[in-house]
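The values are calculated or read from the model by the stated rules, or taken from the named source; none is laboratory data. Small disclaimer: the values here were computed from a predicted structure and weren't measured. Neighbour counts run over all protein chains shown; Cβ positions are idealised from the backbone, glycine included. Keep in mind that these areas ignore ligands, DNA and RNA; they rest on the heavy atoms of the full protein, side chains included. Shrake-Rupley method; radii C 1.70, N 1.55, O 1.52, S 1.80 Å.
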Amino acid sequence: MPERFYVTTPIYYVNDKPHIGHAYCTILADVAARAHRLLGDQTYLLTGTDEHGQKVQEAAARRGIDPQAHCDELHAAFKAVWPRLLCEPDQFIRTTEPRHKAVVQRALQRLHDRGLVVPREFEGWYCVPDERFWTEKELQDGNCPSCGRQVVRLKEKNWFFKMGQYQSVLRDAITSGAIAIHPAHRANEVLGFLDKPLQDLCISRPSSRLSWGIALPFDPDYVTYVWFDALLNYATAIGFLDAEPPTDGSRWPDPAATGAENYAAWWPHVAHFLGKDILTTHAVYWPTMLMGLAEAFDRPREAWLPRTFLATGWFLVDSTKMSKSLGNVVSPLDITDRYGPEALRWFVLREMVVGQDANFSEEAVVRRNNVELANDLGNLVQRTVALVEKWFDGKVPSPASPDPTTASQAAVRELAEVLLRPATAADVADPVWTGDRPAPAAVSIRSFRLHRLAADGLALVGRLNELIQHDAPFRTVRDNPAAAGQTLYCALEGLRIAATLLQPLLPSSAPEILRRVGAGGSPVQLAGLQWGQLSPGAAVASGAPLFAKHEYVAPVTAAPAAPTATQPSEGAAAPSRVQSETSPPRPDANPARPDVPIDQFAALDLRVGSVLVAEAVPKSSKLLRLEIDLGEAAPRQILSGIAESFAPAELVGQQVLVLANLAPRKMMGLQSHGMVLVSEGDQGRRVLVQPARPVAAGAGVR
Ligand code: ME8
């Protein structure tokens, strides 16, 4: 059923230029908004900049310029990035806009008037960069538990929002699902946080220490804590407390409606996308702030609760956090300049399972672009259209039979029909669709599993390539044009469906594919999209390659050159034990080991497991942390040294062989309870050892 979908990104601090982490949040939200439009939903995408607070004040001071001038400049830099990544936010809010300041002050005044914001003398440990107080107990080794930096002892009067009193209501809202937090393990994290007593929230900073903020309307010696100000942006943007519409020309949800009407219509449909590091501020501070405001404005609490949070993972670079000091900060504009925006959008959606961490590597951007976009998708379109032009006068052939006539056609049709299945609310919640099984696109979209949408679209493309290869219309066309026409109709129709599903990720090439396969005017919504709607006789169109191939040139470093495939390093493993005629003789790199009695083999508990979670291990370039279903009561955590051979996203949903009774070991501070079996492929890349067909998780291996 069509709905409204109001999606927000975090508003970005203007203390530095946009990096790949910011780009990921915005691309994901943009893909989500476009995907919801595909479902027929009305959508509204909000992004913006967080312009107050210590970090911004210090960034301006370092440059020796006025904070507002600094914000104006960086705001423009952020705003200019999104169109270049093909992101189309409906509104770009700034927290320094007068209309937002008015909302923050109105909110604070009412909370103050109703006794929900009160003054208190407070002494604690203060982290300057994070702009927050910590208790003695919370410190880690005497330092800030969040950023690890030094804290200072401060005693001062401050204003507190009575957050603690909403602890149990918040808990109930999360456990009942009134507030949904995705992925599920993040909800558990928030509930864990709520197991400890919830303190009241200090929402002021003395202006003697921080001048760059919104003044408290009832105490001019203080400015508002930056998070209290920033979180309210999500509500200001759609008319909360009669906020004014934006003045920069961007539309607000219903241009004809007042602020109050827009807010009432759109707020219940909000989904906040945010990084996992800012989950507490979002899932604890923000709902309790809105509970307090509902109470202060005499409104029902339920109507003002934020409905959905999606906590995303982090992009690591070489398995390490990006940081200026390490010089490994990736600029999204550099990547799009080199490889185009669709290569970047495609990469981030393919590489990262939504909610888990992933590694960013430019080489992998190029690999995915060349293999998946240029070869698998782009070449398929070129070949199919060229055959239709050559043998069918450039017109979509008429299929001889409405039903598949070969196994490859049936495989295409079967997958397309799964992807096009309409989804009920029960389908969306059904765990059967998690993992690597193709899911109806509507389920992937409504459950925020947008990486699944990308993977399934690509799987359909894979089946179409198999169709061309197996049915070989280029060979059969002379003797049996009807059979070739049947195959090519299936290919064009499959491409129409794949391109429609991939439109949110590929907003520029997907419509072009639709045009080329003769479906230019076909519906762009999922509802009503069915197999067989492509009209025979419609003109196909050829054109330049859809995706350019690129070469990855590694940055030049002073390190010694790595051995290449033609110059094996001493003792390097031979790629194969069978020598080809042309390859030079090599020593046997895997000599046979002594025989073992059968009971030694029987002592090994070998089982098939299904990978549920795969993520990078911080500070390790080799290890991945896996959660594997071995048919036991709970999944096992296993660390595997395969990070250089697999992106985490490739592993989720795969079946693997596991040595389940290997003695537990601790690596990088994490316990590993077993070992994933791999073989060694070309150039030392690990290859999974898997059952030839899926079997039940936990099945034995003999
Ligand atoms: O936190 N990979 O702003 P911010 C993925 N102003 N995401 C990353 C990332 C990475 N390597 N690095 C950062 C703020 N992010 C506040 C938000 S909202 C009311 C206020 C994500 O510019 C990070 O997780 O520091 C966060 O979600 C977002 O970038 C903005 O970070």
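Annotations
- The condition (being part of a loop (DSSP other than H, G, I, E, B), open to solvent by 20 Å² or more (accessible area, probe 1.4 Å) and touching a strand residue (DSSP E or B) at 6+ places or on another chain (Cβ under 8 Å)) is satisfied by just one residue among 687, 613, 596, 695: 695.
- Residue among 197, 220 that alone is more than 16 Å from the ligand (Cβ to nearest atom), under 19 Å from residue 285 (Cα atoms) and open to solvent by 60 Å² or more (accessible area, probe 1.4 Å): 197
- If you go through the range 363-385 and keep only what is open to solvent by less than 20 Å² (accessible area, probe 1.4 Å) and closer than 16 Å to residue 551 by Cβ, you end up with 364, 365, 366, 369, 373, 374.
- Looking only at the range 327-362, and only at residues there that are part of a loop (DSSP other than H, G, I, E, B) and away from the ligand (no atom under 12 Å from the Cβ), the one that is most open to solvent (accessible area, probe 1.4 Å): 327
- Test: residue in the range 420-431 that is crowded, with 20+ Cβ neighbours inside 10 Å and modelled with pLDDT of 95 or more: no
- Residue match in the range 21-36 (condition: touching a residue at least 12 places away in the same chain (Cβ under 8 Å), open to solvent by 50 Å² or more (accessible area, probe 1.4 Å) and not hydrophobic (A, V, I, L, M, F, W, C)): no
- Long-range neighbours under 9 Å by Cβ, at least six apart or interchain, first residue closer than 19 Å to residue 183 by Cβ and in contact (Cβ under 8 Å) with a residue 12 or more places away in the chain within the range 421-434, second hydrophobic (A, V, I, L, M, F, W, C) and open to solvent by 60 Å² or more (accessible area, probe 1.4 Å): 434/612
- A count restricted to the range 444-492 and to residues that are among the small types (Gly, Ala, Ser), over 30 Å from residue 25 (Cα atoms) and surrounded by 20 or more Cβ atoms within 10 Å (Cβ to Cβ) stands at 3.
- Helices (runs of 4 or more DSSP H) lying entirely in the range 431-518 (those with 1 or more residues that are within 17 Å of residue 534 (Cβ to Cβ)): 450-471, 473-476, 481-502, 509-516
- Verdict on residue 81 being assigned to a helix (DSSP H, G or I) and either within 28 Å of the chain's Cα centre (by Cα) or at positive phi (or both): yes
- Cβ-Cβ contacts under 7 Å between residues 6 or more apart (or on different chains), taken from a first residue in the range 175-186 that is within 11 Å of residue 305 (Cα to Cα) to a second residue that is surrounded by fewer than 19 Cβ atoms within 10 Å (Cβ to Cβ), are listed as 178/302; 179/307; 180/307; 180/308.
- Residue check for residue 96: β-branched (Val, Ile, Thr), closer than 27 Å to residue 130 by Cβ and modelled with pLDDT of 95 or more: yes
- Among helices (runs of 4 or more DSSP H) entirely within the range 185-288, having at least 1 residues that are over 30 Å from residue 614 (Cα atoms) and hydroxyl-bearing (Ser, Thr, Tyr) singles out 233-236, 259-266.
- Cβ pairs under 8 Å, 6+ apart, first in the range 533-553 and under 18 Å from residue 485 (Cβ atoms) and open to solvent by 30 Å² or more (accessible area, probe 1.4 Å), second hydroxyl-bearing (Ser, Thr, Tyr) and at pLDDT below 95: 533/522
- Where a residue in the range 314-325 is within 23 Å of residue 183 (Cα to Cα) and its partner, wherever it lies, is within 10 Å of the ligand (Cβ to nearest atom) and among the basic types (Lys, Arg), with Cβ under 9 Å and at least six apart: 314/276; 314/321
- Residue that is most open to solvent (accessible area, probe 1.4 Å), among those in the range 1-20 that are in a strand (DSSP E or B) and among the aliphatic types (A, V, I, L, M): 11
- Being open to solvent by 40 Å² or more (accessible area, probe 1.4 Å) and within 16 Å of the ligand (Cβ to nearest atom) is a description that applies to residue 212.
- Selection count where residues are within 9 Å of the ligand (Cβ to nearest atom) and open to solvent by 20 Å² or more (accessible area, probe 1.4 Å), scope the range 282-316: 1
- Scanning the range 49-64 for residues that are more than 9 Å from the ligand (Cβ to nearest atom), more than 19 Å from residue 79 (Cβ to Cβ) and surrounded by 14 or more Cβ atoms within 10 Å (Cβ to Cβ) gives 54, 57, 58.
- Of all residues making up the range 2-15, the number that are over 15 Å from residue 312 (Cα atoms) and more than 8 Å from the ligand (Cβ to nearest atom): 6
- In this structure, residue 294 does not satisfy being at pLDDT below 95, more than 30 Å from residue 618 (Cα to Cα) and touching a helix residue (DSSP H, G or I) at 6+ places or on another chain (Cβ under 8 Å).
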